[in-house]
Amino acid sequence: MCPFSKKTKVCRNYYQGDGLQSDEFNINAYCKSSADIMYFGGIHGISSFFPDSIKEKRTTPKSVLTQLSIFNQIIKPGQEYFGSQVLHKNIEYTSDFLRIIRLKKATELLAGDESNISQVVYQTGFNDPSYFTKCFKKQFGLTPSEYMNRKVK
């Protein structure tokens, strides 16, 4: 199901995982009630849809790395790549690697015109703003605020 918002001009897809009875609906099996409730007939019954009651999930999914590839070549722990050992241990245990990726993403978000440090903290998978600031300063030598002020000058 894909409702279009005239206000934001955005189409959002909904699936069975969002609470629909199925991802498959019957052609022409729909109606809209006088109370603006929409009904859709599917292979497992009827779904009712309340467009005014839609609330977006504002959680950032947890990132999980399962393997590392460089130029489509899978890199294994201890393997050398152009004379350097890229991965010292299994990537699932390489939290430093993931943290660096998140922090680099944070710099991209902070460089945007509509950046807000609090939002960037959660968008990049950090749960604690003070821990984010500590990691950011250790990685880049500046706090997120200092980084943002530097980009303005």
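The values are calculated or read from the model by the stated rules, or taken from the named source; none is laboratory data. Everything numeric in this text was worked out from a predicted model, so none of it was measured. Glycine also receives a Cβ, built like all others from the backbone with ideal geometry; neighbour counts cover every protein chain displayed.
Observations on the structure shown:
- There is at least one residue in the range 132-145 that is in a loop (DSSP other than H, G, I, E, B) and either of a type in the set (Asp, Glu) or on the phi < 0 side of the Ramachandran plot (or both).
- Condition check for Asp23: assigned to a loop (DSSP other than H, G, I, E, B) and surrounded by 13 or more Cβ atoms within 10 Å (Cβ to Cβ): yes
- When each of Tyr147, Tyr93 is tested for being modelled with pLDDT under 75, more than 28 Å from Lys7 (Cα to Cα), hydroxyl-bearing (Ser, Thr, Tyr) and surrounded by 10 or more Cβ atoms within 10 Å (Cβ to Cβ), the lone residue that passes is Tyr93.
- When the range 5-35 is limited to residues that are closer than 13 Å to Phe49 by Cβ and either of a type in the set (Lys, Arg) or not assigned by TED's automatic domain parsing to the domain that holds Gly45 (or both), the one that is farthest from the chain's Cα centre (by Cα) turns out to be Lys32.
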